[in-house]
Amino acid sequence: MSELLPDAPRPYVRYIDKTRAYYASQGYAKPYNWAHNEEAPFTPLAKPLAASTLALISTSEIAIQGDARFAEDADTKAVGNVYAIPSDTPSDRLYSRTQSYDRYATSLDDPNAYFPIDRLHEAQARGRIGRIAPHCLGVYNAYSQRKTTERDAPEVLGQCRAMAVDVALLVPV
């Protein structure tokens, strides 16, 4: 593999193009319709990040090894597609159950690549963030904008409010 020069363009995965090609190859007449919002629901921080509670939210289908909730035959206790993972779970016990990622462009061997809980604990220890919420939230991939908007997003918001979260870090896979 050749080394990239500092000013050379970096290769990246063209997920939008790959998704469109995949849907076309499956026989869908209509191209995949990416979500688009005219107004982003972002607001300025009400207090400094160093004084804020942060929640990690991921669509990586993160799971805990040995936790019965994630057994293949388990009836998960998710509300809609949303479930909680204790934020103090050691990362060496975490893994992803998902099969919905580009296996040719990446791997799921390092949980911190798609669920950066160790990096967040380090940021908390350095005083960069106030604290990590007691639970991180997982959202199962539903591939439905309607279900995400009407069911999953309100559930995530409700759980974040219940944990007094100030900031959410969203990590999609």
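The values are calculated or read from the model by the stated rules, or taken from the named source; none is laboratory data. Just so you know, these numbers come straight off a predicted model, no measurement behind them. Here Cβ is always computed from backbone atoms with ideal geometry, including for glycine, and neighbour counts include all displayed protein chains.
A compact table of results
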{"item": "Single residue of the stretch 136-154 satisfying the filter (closer than 16 Å to P41 by Cα and of a type outside the set (S, T, N, Q)) that is surrounded by the fewest Cβ atoms within 10 Å (Cβ to Cβ)", "result": "E150"}
{"item": "Hits in the stretch 132-166 - residues which are part of a strand (DSSP E or B), more than 20 Å from H36 (Cβ to Cβ) and modelled with pLDDT under 95", "result": "G138"}
{"item": "Of all residues making up the stretch 50-65, the number that are exposed (fewer than 15 other Cβ atoms within 10 Å of the Cβ) and within 20 Å of the chain's Cα centre (by Cα)", "result": "1"}
{"item": "Residue tally, condition part of a loop (DSSP other than H, G, I, E, B), closer than 24 Å to G138 by Cα and among the small types (G, A, S), over the stretch 13-57", "result": "3"}
{"item": "Among (1) surrounded by 10 or more Cβ atoms within 10 Å (Cβ to Cβ); (2) at pLDDT 90 or above - the single one Y32 does not satisfy", "result": "(2)"}
{"item": "Test result for A123, surrounded by 15 or more Cβ atoms within 10 Å (Cβ to Cβ), at pLDDT 85 or above and among the aliphatic types (A, V, I, L, M)", "result": "yes"}
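Here's the yes/no breakdown for (1) at pLDDT 80 or above; (2) among the hydroxyl-bearing types (S, T, Y); (3) under 30 Å from G127 (Cβ atoms):
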| residue | (1), (2), (3) |
| --- | --- |
| E39 | no, no, no |
| T43 | yes, yes, yes |
| A46 | yes, no, yes |
| A55 | yes, no, yes |
| S60 | yes, yes, yes |
| D67 | yes, no, no |
| A71 | no, no, no |
| T76 | no, yes, no |
| S87 | yes, yes, yes |
